[in-house]
Amino acid sequence: MISLEKLLILVIVCPIAMALFASFAHGFFIPWFISLLSSIIVLVLVLFLYLEYKGKVLLYSVGGWNPPYGIGLRLDPLGIIMLFLINIILLSTVIHSWSTIRNDLPSNRFNIFYCILLIFAAGMSGIVVSDDLFNIYVFLEITALSTYTLIACGNKKQSLIAAFDYLVMGTLGSTFYLLGLGFLYAKTGTLSLPEMSASLPHNAGNISSVIVGVALIIVGLSVKSAIFPMHTWIVEAYSCAPHSFVVILAGIGTKINLYVMLQVLFRLFSVHLLSRIGVDKALIISSSLGVLVCSVIASQSKDLRRIFANSSIAQIGYIIICAVINTKLSLTAAIIHMLSHALAKSALFMVASNISNSNNHQSLSKKGLNLLLFMDYLVFFLSTASIIGLPFTVGFISKWVILKSALLSSNYLAVFSVIVGSIIGLFYFWQALQYVFYEVDANTHNTNTMSKTTAFNLFLVPSYLPPIFLALLLILLGFFGSSLISGVAEAVRLASWCS
């Protein structure tokens, strides 16, 4: 019987092995089926790990070599949540691409697309389970290189420009991270997260190199996570990447980088150290500005994917704000909001893909963006309701916990940002809803609901089922809010994030 430790390795190795098969396949169906099979297998493996290690922490040294000489892996309940999130969205993305990818890519790139997509997923899983800062860096680079390639795969000429912009910014972020890691390694003599965490307090007397290392790592991860004002690459990437990839990129691409930042901040450094160098105040101020500025920019945008991109930067701001407050309640709020936003934004980009395939453009200033089916209307409404924080959605739960934690910590800037940002979000999502789902006559302002519809096409079913599933999941999690809060709070405790 295969041990649980080897199953943990398979979560990373399986997508890579299947990616090799996909790269040699021809046409569309075989690479697509290999990707589908891989995502299902990994999801089953994660489910099995959850059932066996529920409420526990799994530690494994690859090859029997213990840190600092070997590679350490760690899987706790918080990591299980992230693995579920990665693979649920990956499976949804693969199914959705059945009827959309033909409009995104030339036919000779299908096998390359699915091959790199699986490597991208393997890299994200590797980031989650790594217990070593250098191996986190390795997997960060795997996901980054995959992202550059997948963005550049698109039919648009702008895709190459967006990929190059992200390449430059991503390389800068990686360089800062690696330089910071070098400073910390020079001070502690280890790259293992738990060993480095144990070593850092003993060096408090000579902390200048530690401060430099912390600052460099945070700047590097801020670039990769698109934290305001280092977010400029994300708008072009979301706007120009193939629809079949931007779904997963928007859903979990930046979330995994945020997860790394939270790991570094709350497993490695003490609250005293972060306050001493002003990291907490700097992140709260920049994130609050990001929420307000990007919400205003989204309200002025006339392109659907640019609205979603600027909205994503604002939501990242919410996550950073409540995480930096650094209480058990605020960290719980950060994880729940990360979860809710990932599901909602993936569903919204699937809707944007369906709209684009039906209309061949996304300009909200034109008056004919009608959907083929009412299901996209439902998904758009439920997903935006969750992002805004309307009741009966998981987004309401996360916004409520964010406000509660901010009030309890007397952080009124955070309270102001969340409330104002949500109000502006309600405005621009309502405006997008009106333009997308109704024909608006520029002179009379009369609306004709869904006046252009076409016959139901069985081939299009796979493009509608995944966003419906994700939208319903937002509602389902909202109805079990108390259980979700208690479960995530326990996962945060076991992850040793609370200082």
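The values are calculated or read from the model by the stated rules, or taken from the named source; none is laboratory data. Just so you know, these numbers come straight off a predicted model, no measurement behind them. Cβ atoms come from the backbone with ideal geometry, glycine included; neighbour counts cover every protein chain shown. All accessible areas refer to the heavy atoms of the entire protein, side chains included, with ligands and DNA or RNA removed. Shrake-Rupley method; radii C 1.70, N 1.55, O 1.52, S 1.80 Å.
When you look at A215, is it free of Cβ contacts under 8 Å to residues at least 12 places away in the same chain, outside any loop (DSSP other than H, G, I, E, B) and open to solvent by 30 Å² or more (accessible area, probe 1.4 Å), yes or no? Judged against the criteria, A215 is not a match. Checking each residue in segment 11-29 for being open to solvent by less than 60 Å² (accessible area, probe 1.4 Å) and part of a helix (DSSP H, G or I) picks out V11, I12, C14, P15, A17, M18, A19, A22, S23. Working only within segment 30-60, note down all residues that are over 17 Å from N87 (Cα atoms), open to solvent by 30 Å² or more (accessible area, probe 1.4 Å) and touching a Phe, Trp or Tyr at 6+ places or on another chain (Cβ under 9 Å). Once the filter is applied, which keeps residues that are over 17 Å from N87 (Cα atoms), open to solvent by 30 Å² or more (accessible area, probe 1.4 Å) and touching a Phe, Trp or Tyr at 6+ places or on another chain (Cβ under 9 Å), segment 30-60 yields only I30. For segment 321-344, the tally of residues that are open to solvent by 10 Å² or more (accessible area, probe 1.4 Å) and touching a Cys at 6+ places or on another chain (Cβ under 7 Å) stands at 1. Residues that are part of a helix (DSSP H, G or I), at pLDDT 85 or above and open to solvent by 70 Å² or more (accessible area, probe 1.4 Å) do not occur anywhere in segment 454-464. The residue pairs whose first member lies in segment 485-499 and is β-branched (V, I, T), whose second member is at pLDDT 85 or above, and whose beta carbons are closer than 6 Å, counting only pairs six or more residues apart or on different chains, are V488/T332; V488/I335; V488/I336; V492/L331; V492/T332. When L179 is tested against (1) more than 28 Å from L289 (Cβ to Cβ); (2) modelled with pLDDT of 80 or more; (3) open to solvent by 10 Å² or more (accessible area, probe 1.4 Å), exactly one condition is not met: (1). Scanning segment 390-399 finds one or more residues that are in a helix (DSSP H, G or I), more than 18 Å from L472 (Cβ to Cβ) and touching a Gly at 6+ places or on another chain (Cβ under 9 Å).
Candidates are the residues of segment 226-243 that are of a type in the set (A, V, I, L, M) and closer than 13 Å to G173 by Cα; the one that is surrounded by the fewest Cβ atoms within 10 Å (Cβ to Cβ) is M230.
Taking (1) more than 23 Å from Y259 (Cβ to Cβ); (2) of a type in the set (A, V, I, L, M); (3) over 22 Å from the mean Cα position of the chain (by Cα); (4) at pLDDT 80 or above in turn, A406 satisfies each apart from (1). Listed by first and then second residue, the pairs linking a residue in segment 73-101 that is hydrophobic (A, V, I, L, M, F, W, C) to a residue that is in a strand (DSSP E or B) and open to solvent by 10 Å² or more (accessible area, probe 1.4 Å), with Cβ atoms under 6 Å apart and 6 or more places separating them unless they lie on different chains, are L73/Y60. Listed conditions (1) over 17 Å from the mean Cα position of the chain (by Cα); (2) of a type in the set (S, T, Y); (3) surrounded by 24 or more Cβ atoms within 10 Å (Cβ to Cβ) are all met by Y318, apart from (1).
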